[in-house]
Structures are given as C-alpha cells and as structure tokens.
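Participant: Can you read through this structure? Questions will come right after.
The values are calculated or read from the model by the stated rules, or taken from the named source; none is laboratory data. Source: prediction; values computed, not measured. Methodologically, a virtual Cβ is constructed for each residue, glycine included, from the backbone with ideal geometry; neighbour enumeration extends over all protein chains shown.
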C-alpha cells in the first residue's frame, strides 16, 4: 500500500512541475504589469528547444540551454510587442501562441521530416522524479521567487510598476526595464517547464504544451499572484489530473472524467477571481507623460 502512495505522489509531482515553473514565472510578469497569455508558446518553444538540443548534441544540458534560448526569444517578442509597441497584451499573447505552434510544426518538418514528432531523446536519466534537476529547479523557483518578489529592492520595484507605473517612474524606476525583466523571468521558467515535458516524454510532439500555460495562469490567479500560492494551486490541479487518470479505469463515463480538471479549474476560478487583488495596472500599457 505504501508503494502505491509513492507512485501516486510521483505522478502528481511529475504533472505539477510544469505548472509550478510556469505559474511562478507568470507571477513575475503580471506583478510588473504585463498579462502573459504567451506562456503556452514559451512552454512549447522550450520543449522544442530541449528536444532539438539534446538530439543534436546528445546532452541534456545542451537541451536545457536550447530550451532557455527558445523561451527567452518568445518572451522578448511578447515584451517588445506589449511594452515597447504597447500592443494589446491579450491579443499579443494569443497571436504569439499561434505563431509558436506554427513555427515548431515547421521546425519539425525541416529538421526531422515530420510535422508530428521529433526522434526519441534520452531526457534526464534519474531513478526518481524527486532527483530530477528540473524538479529541484521548480522547488527553488518557488522559494527564490517568493523572496525576490517580497524581500528585495528588485521585487519592490517590480510590484510598484504593476501597481502604478507613473509613481514608479517618478521615483526613478525604469518601467520598461522592470516590465521586460518580469516577462523574461516568465520566459525562462516556462522554457524549463517545456524542457521537463520533452525530457519526460522523451520527444517533442506537436502542441505538447496542451493548455498547460493557461492552467498555470489560472494557478497564479488562485495563488493571489505570489509564487507560494501559485505552487500550491499547481499541486491542486496536478492532483486533479492524476485523479482523472486513476478514475478512467472506474465506472464513471470517460467523457466526464476527462472534463474533471477543466470543471474544477472553472469552479475554483469563479470562487477566487473576484476576491483576488489583481495588480492594478496589469494589462495597461504605460505612456510616459512629457513635461512641457
């Protein structure tokens, strides 16, 4: 019986790692005032980079480096569109997700002659998910993210930018630098989530992010825009998904079981969104007023 519980726990953790990494990153982006619907594209770019990097070099470390490059590139694009060009942040995020889905499919075709899957990769060979460096990175990201956001001058400046960009600017804080920084942190962590997915599944497959970016965004909202809360919400969603897998062998209709994670997400969001304190200027581009 004890072994069965360990298996279930490992399954929950394996599902939770991408959610935790991505939701912690989303906290940085939104605390700075940038809504990040491009998380889905960042995860996908990270997964694609990890698969390509390890396939080419035969090294998980190179795969992670490629993943980070992919995630940061997508984050830079989102930051450029929303902070520099002041485009609508929702539209930018959705457009980038569509762009990355098409780009990764095209990359699969060019590199591997397939629009569906990359060749098999080894991933990171460890006896347990608890020894996976990317699991450890997720744990560290929660503690470090909480400390940085609420105990450092950088975190104070970032949060001030998301609450009142004009006030932060008048205090000498660069709104552009802060908002770019928040989005880039989210890109970095989402790319590690993508690498974890690719390594766990031992390949890259088309659309393998499968809505995880959106669920991570929901976890961040439920967690009140702080890393610890986001991580706990991520574990809740992971436990729901694990329960779905176990219930599929039971008497409940499969359609009902498969919809369970999404139903719970909607119900929890309905109860939390109105009570959560959204950063006041999240989604609002900053127009610096010129002195006459």
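Participant: Residue 114 passes all but one of (1) in a helix (DSSP H, G or I); (2) over 30 Å from residue 280 (Cβ atoms); (3) without any contact (Cβ under 8 Å) to a residue 24 or more places away in the chain; which number fails?
Facilitator: (1)
Participant: Considering only the stretch 74-87, state which residues are surrounded by 15 or more Cβ atoms within 10 Å (Cβ to Cβ) and assigned to a loop (DSSP other than H, G, I, E, B).
Facilitator: The one that is surrounded by 15 or more Cβ atoms within 10 Å (Cβ to Cβ) and assigned to a loop (DSSP other than H, G, I, E, B): 87.
Participant: Have a look at 108, 189 and point out the one that is touching a residue at least 40 places away in the same chain (Cβ under 8 Å), touching a strand residue (DSSP E or B) at 6+ places or on another chain (Cβ under 9 Å), buried (at least 21 other Cβ atoms within 10 Å of the Cβ) and within 25 Å of residue 61 (Cβ to Cβ).
Facilitator: Sole residue among the options that is touching a residue at least 40 places away in the same chain (Cβ under 8 Å), touching a strand residue (DSSP E or B) at 6+ places or on another chain (Cβ under 9 Å), buried (at least 21 other Cβ atoms within 10 Å of the Cβ) and within 25 Å of residue 61 (Cβ to Cβ): 108.
Participant: From the set of residues in the stretch 192-240 that are touching a strand residue (DSSP E or B) at 6+ places or on another chain (Cβ under 8 Å) and assigned to a loop (DSSP other than H, G, I, E, B), which is surrounded by the most Cβ atoms within 10 Å (Cβ to Cβ)?
Facilitator: Residue satisfying both the conditions and the ranking: 204.
Participant: Out of 90, 56, report the one residue that is surrounded by fewer than 15 Cβ atoms within 10 Å (Cβ to Cβ) and more than 22 Å from the chain's Cα centre (by Cα).
Facilitator: Of 90, 56, the one residue that is surrounded by fewer than 15 Cβ atoms within 10 Å (Cβ to Cβ) and more than 22 Å from the chain's Cα centre (by Cα) is 56.
Participant: Moving to a separate point now. Only one residue in 253, 153 is modelled with pLDDT of 95 or more, farther than 17 Å from residue 42 by Cβ and surrounded by fewer than 16 Cβ atoms within 10 Å (Cβ to Cβ). Which one?
Facilitator: Matching residue, one of 253, 153: 153.
Participant: I would also like to ask the following. Looking at the stretch 24-38, is at least one residue within 11 Å of residue 212 (Cβ to Cβ) and crowded, with 24+ Cβ neighbours inside 10 Å?
Facilitator: Looking through the stretch 24-38, none of the residues is within 11 Å of residue 212 (Cβ to Cβ) and crowded, with 24+ Cβ neighbours inside 10 Å.
Participant: Then there is this: State which residue is surrounded by the most Cβ atoms within 10 Å (Cβ to Cβ) when the search covers only the stretch 122-150 and only residues that are without any contact (Cβ under 8 Å) to a residue 60 or more places away in the chain and not in a helix (DSSP H, G or I).
Facilitator: The selected residue is 126.
Participant: Next question. At pLDDT below 95, farther than 21 Å from residue 189 by Cα, part of a helix (DSSP H, G or I) and more than 20 Å from the chain's Cα centre (by Cα): is that true of residue 166 in this structure?
Facilitator: Yes.
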